[in-house]
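Working notes for the structure below.
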Amino acid sequence: MSDHKGIEEFKTILKFAASEEKISQTYNVPPNMLIPLLLSIKYGGDWSIKDEENFSVAVKDRETIYNGETKEGISYETIYLLVNPRIVEKEGRVHRIEKCGLSAERKLVQRSYNVKVVFDKGLIAKIDPEKKIIKIEKLNEEKIEFKGTMAFSLEHEIEHVSSEAEAAGKPIWDFNYIFEEE
């Protein structure tokens, strides 16, 4: 009985992988430039990749809709994949703590609150956990604007692929604890 379950799961995984390959063909995006999108779908988070000619980033937004009467809700995810994104406008400055996958600890960094970005190709993946669907769409705009967390994430990922250095910032141990007197 368990062998049958394993075979069915394997078939499901193969079908899922074939759908991932179809994304590249349908939207004419080089397969390796899809890697950040696929990692974000499978593992969550924001990702980036660079090869000799191109780079791409995937940044994720999440919206939760909650019904206070039924006490139930759903979190939808929208993942933006941008190939060769270039920030053309920045606005504001936000001090925040970030953890990069390459460093052991978090750092205090500065990011723009609002960024406008142009790109060569763009896709949007909309994940609906209730219906169990991942809808892929071509991003038709030539320029897109991100605010807040999405802007921070985009700047962070572009920084990864445009520089070998880690983000400049103050390490968390430069902070001081303050203890409230009882």
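The values are calculated or read from the model by the stated rules, or taken from the named source; none is laboratory data. Everything numeric in this text was worked out from a predicted model, so none of it was measured. All Cβ positions, glycine included, derive from the backbone under ideal geometry; neighbour counts span all protein chains shown.
Residues are listed down the side, and each one gets a yes or a no for (1) within 17 Å of residue 138 (Cβ to Cβ); (2) among the charged types (D, E, K, R):
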position: 8; (1), (2): no, yes
position: 23; (1), (2): yes, no
position: 45; (1), (2): no, no
position: 62; (1), (2): no, yes
position: 73; (1), (2): no, no
position: 87; (1), (2): no, no
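So residue 11 passes all but one of these: (1) surrounded by 12 or more Cβ atoms within 10 Å (Cβ to Cβ); (2) out of contact with any Leu (no Cβ under 8 Å at 6 or more places or on another chain); (3) in a helix (DSSP H, G or I). Which condition number does it fail?
Looking at each condition in turn, residue 11 falls short on (1).
Within the range 73-90, can one find any residue that is farther than 20 Å from residue 133 by Cα, loosely packed, with under 11 Cβ neighbours inside 10 Å and either within 20 Å of the chain's Cα centre (by Cα) or in contact (Cβ under 8 Å) with a residue 24 or more places away in the chain (or both)?
yes
Can you tell me how many residues in the range 105-125 are within 23 Å of residue 53 (Cα to Cα) and more than 16 Å from the chain's Cα centre (by Cα)?
Here the count works out to 3.
Checking residue 29 against (1) assigned to a loop (DSSP other than H, G, I, E, B); (2) under 21 Å from residue 145 (Cα atoms); (3) among the aliphatic types (A, V, I, L, M), only one condition comes out false. Which one?
Going through the list (1) assigned to a loop (DSSP other than H, G, I, E, B); (2) under 21 Å from residue 145 (Cα atoms); (3) among the aliphatic types (A, V, I, L, M), residue 29 breaks only (2).
Yes or no: the range 72-86 includes at least one residue that is over 15 Å from residue 158 (Cβ atoms) and not in a strand (DSSP E or B).
no
When you scan the range 147-165, do you find a residue that is at pLDDT below 85, closer than 25 Å to residue 91 by Cα and surrounded by 18 or more Cβ atoms within 10 Å (Cβ to Cβ), even just one?
Yes, there is a match, as at least one residue in the range 147-165 is at pLDDT below 85, closer than 25 Å to residue 91 by Cα and surrounded by 18 or more Cβ atoms within 10 Å (Cβ to Cβ).
Using beta carbons and a limit of 8 Å, which pairs, at least six apart or on different chains, have the first residue in the range 29-57 and surrounded by 14 or more Cβ atoms within 10 Å (Cβ to Cβ) and the second one assigned to a helix (DSSP H, G or I) and of a type in the set (D, E, K, R)?
Correct list of pairs: 34/20; 36/157; 38/20; 46/157; 47/157; 48/157; 57/157.
Quick check, is residue 104 out of contact with any Cys (no Cβ under 6 Å at 6 or more places or on another chain), more than 28 Å from residue 168 (Cβ to Cβ) and either at pLDDT below 90 or assigned to a loop (DSSP other than H, G, I, E, B) (or both)?
Here the answer is no, as residue 104 does not meet what is asked.
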